[in-house]
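Structure, as structure tokens:
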Amino acid sequence: MWALECELAVPAALEGAIDDDVAEVLGAKLVVEAANGPTTLGADPVLERRGVVVVPDILANAGGVTASYFEWAQSRQGYAWDEELVALRLRQTMDEALRAVWAKADALSVSLRRGAFALAVERVAEAIAARGLFP
């Protein structure tokens, strides 16, 4: 199945589904990781060498976490947002996240996964600098 020529693969169930062997024969040019950790550490460099773009799970799964935050914020405010507002804010947040990760990966000439990690470390460092280590 993994070797079938296609535009997109979405591993959405199992961790480690794309291992070194699968990465060598993968027919897709784009992978969106809907599962947690579907690509093994060994498969990442194989996919990168083959020019397969991987949207990492940390980014692809962020929509659900963001929507949960929106629910928490509404609960704290005691005010429910309109469905259209939630959809708009979610779209804007995810678009911004993808653009930021893509820009960081491009600037560092690394994969989107490494770009996402670099951006995350940078943001944690900025938060520590702004708030101190023990706020």
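A few remarks follow.
- Ordered by solvent-accessible area of protein heavy atoms (1.4 Å probe), largest first, the residues Met1, Met94 come out as Met1, Met94.
- Nearest 10 degrees, 0 to 90: helix 112-131 Cα axis against the chain principal axis: 30
- For the chain, the 222 nm mean residue ellipticity estimated from helices alone, with every DSSP H stretch of n ≥ 4 adding -39500 (n - 2.57) and the total spread over all residues, rounds to -18500 deg cm²/dmol.
- Rounded to the nearest 20 debye, dipole of segment 1-134 from Cβ charges on Lys, Arg, Asp, Glu: 520
- Probing with 1.4 Å while keeping every protein chain in the model, the per residue accessible area of the chain equals 66 Å².
- Counted residue by residue at 0.36 nm each, then reduced by the alpha carbon distance between them, the extension gain from Ala103 to Leu4 reaches 32.6 nm.
- Model label sites at Ala13 and Leu41, defined 7 Å from Cα along the beta-carbon direction, differ in position by 2.7 nm.
- Reducing segment 76-92 and segment 103-128 to their Cα centroids gives an inter-centroid distance of 28 Å.
- A dipole drawn for the chain from +1 and -1 charges on Cβ atoms has a positive end, and of Cys6, Thr40, Ile128 the residue lying farthest that way is Ile128.
- Label corresponding to log10 I(q)/I(0) by the Debye sum over Cα atoms at q = 0.12, 0.18 Å⁻¹ when calculated from the structure given, among (1) -0.53, -1.00; (2) -0.46, -1.05; (3) -0.59, -1.05: (3)
- Here the extension length gained between Ile128 and Trp72 equals 17.8 nm, from 0.36 nm per residue of separation less the Cα-Cα distance.
- Phe117 contributes an accessible area of around 110 Å² to the protein surface, as traced by a 1.4 Å probe with all chains present.
- When the chain is treated as a Gaussian network with alpha carbon springs shorter than 10 Å, the biggest mean-square fluctuation among Pro45, Pro11, Pro56 belongs to Pro45.
- Model label points for Arg91 and Lys29, set 7 angstrom from Cα along the Cα-to-Cβ axis, are 2.6 nm apart.
- Accessible carbon and sulfur surface of segment 78-135 relative to its total accessible area, %, 1.4 Å: 59
- Most mobile of Leu30, Leu98, Leu88 in a GNM of the chain (Cα contacts under 10 Å): Leu88
The values are calculated or read from the model by the stated rules, or taken from the named source; none is laboratory data. Predicted model only: the values in this text are computed from it and were never measured. All Cβ positions, even for glycine, are placed from backbone atoms using ideal geometry, and neighbour counts span all protein chains on display. Ligands, DNA and RNA are stripped out before the accessible areas are found, and what is left, the full protein with its side chains, is counted by its heavy atoms. Shrake-Rupley method; radii C 1.70, N 1.55, O 1.52, S 1.80 Å.
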